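I have placed the structure first, in the form of C-alpha coordinates, so that the comments after it can refer back to it.
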Amino acid sequence: MTTMETDNIARLMKHTFENSLEAIIFFGRNNDIVAMNPAAERIIDAQLLDKVQCQRGGSLFCSVCKGYTN
(Lines give C-alpha, C1' and ligand atoms only; values in the text may rest on other atoms or scores of the structure.)
Protein backbone atom coordinates (compact mmCIF):
# COMPACT_ATOMS: atom_id res chain seq x y z
CA MET A 1 0.00 0.00 0.00
CA THR A 2 1.38 3.38 -0.93
CA THR A 3 1.69 6.33 1.40
CA MET A 4 -1.04 8.11 -0.56
CA GLU A 5 -3.42 5.16 -0.13
CA THR A 6 -2.65 4.99 3.57
CA ASP A 7 -3.31 8.72 3.93
CA ASN A 8 -6.61 8.40 2.07
CA ILE A 9 -7.72 5.52 4.29
CA ALA A 10 -6.79 7.46 7.42
CA ARG A 11 -8.71 10.50 6.17
CA LEU A 12 -11.78 8.38 5.37
CA MET A 13 -11.64 6.68 8.77
CA LYS A 14 -11.39 10.04 10.55
CA HIS A 15 -14.34 11.37 8.53
CA THR A 16 -16.39 8.27 9.41
CA PHE A 17 -15.48 8.58 13.10
CA GLU A 18 -16.42 12.26 13.24
CA ASN A 19 -19.65 12.00 11.23
CA SER A 20 -21.09 8.64 12.23
CA LEU A 21 -24.50 8.58 13.88
CA GLU A 22 -23.29 5.53 15.81
CA ALA A 23 -21.39 6.04 19.05
CA ILE A 24 -17.73 5.14 18.65
CA ILE A 25 -15.47 4.99 21.69
CA PHE A 26 -11.80 4.03 21.73
CA PHE A 27 -10.33 2.65 24.95
CA GLY A 28 -6.66 2.58 25.84
CA ARG A 29 -4.69 -0.25 27.35
CA ASN A 30 -5.75 0.70 30.89
CA ASN A 31 -9.46 0.98 29.97
CA ASP A 32 -9.21 4.75 29.77
CA ILE A 33 -11.24 6.50 27.08
CA VAL A 34 -8.85 7.92 24.51
CA ALA A 35 -11.42 9.20 22.01
CA MET A 36 -15.16 9.55 21.56
CA ASN A 37 -16.99 10.74 18.49
CA PRO A 38 -19.78 13.35 18.74
CA ALA A 39 -22.49 10.65 18.77
CA ALA A 40 -20.84 9.03 21.81
CA GLU A 41 -20.45 12.38 23.54
CA ARG A 42 -24.22 12.88 23.25
CA ILE A 43 -25.03 9.68 25.17
CA ILE A 44 -22.26 9.51 27.76
CA ASP A 45 -23.11 11.12 31.07
CA ALA A 46 -20.35 13.70 31.56
CA GLN A 47 -20.57 13.50 35.39
CA LEU A 48 -19.70 9.80 35.34
CA LEU A 49 -17.00 10.06 32.70
CA ASP A 50 -14.23 10.66 35.27
CA LYS A 51 -15.26 7.52 37.17
CA VAL A 52 -15.05 5.50 33.97
CA GLN A 53 -11.62 6.93 33.28
CA CYS A 54 -10.42 5.66 36.67
CA GLN A 55 -12.09 2.25 36.49
CA ARG A 56 -9.52 -0.46 35.63
CA GLY A 57 -11.94 -3.30 34.95
CA GLY A 58 -14.25 -1.35 32.68
CA SER A 59 -17.35 -2.66 34.45
CA LEU A 60 -18.57 0.83 35.32
CA PHE A 61 -18.85 1.78 31.66
CA CYS A 62 -22.07 -0.21 31.28
CA SER A 63 -23.79 2.07 33.79
CA VAL A 64 -22.65 5.28 32.10
CA CYS A 65 -24.35 4.85 28.78
CA LYS A 66 -27.95 6.01 28.68
CA GLY A 67 -29.18 2.75 27.17
CA TYR A 68 -28.39 3.54 23.56
CA THR A 69 -25.73 0.87 23.10
CA ASN A 70 -25.48 -2.82 23.81
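The values are calculated or read from the model by the stated rules, or taken from the named source; none is laboratory data. Fair warning: this is a prediction, and the values are worked out from it, not measured in the lab. With ligands, DNA and RNA removed, areas are computed over all heavy atoms of the protein, side chains included. Shrake-Rupley method; radii C 1.70, N 1.55, O 1.52, S 1.80 Å.
Quick notes on this one:
- If the chain linking residue 22 and residue 43 were pulled fully straight, counting 0.36 nm for each residue of separation and taking away their Cα-Cα distance, it would gain 6.5 nm.
- For the residues 1, 36, a 1.4 Å probe over the protein chains yields an accessible-area ranking, largest first, of 1, 36.
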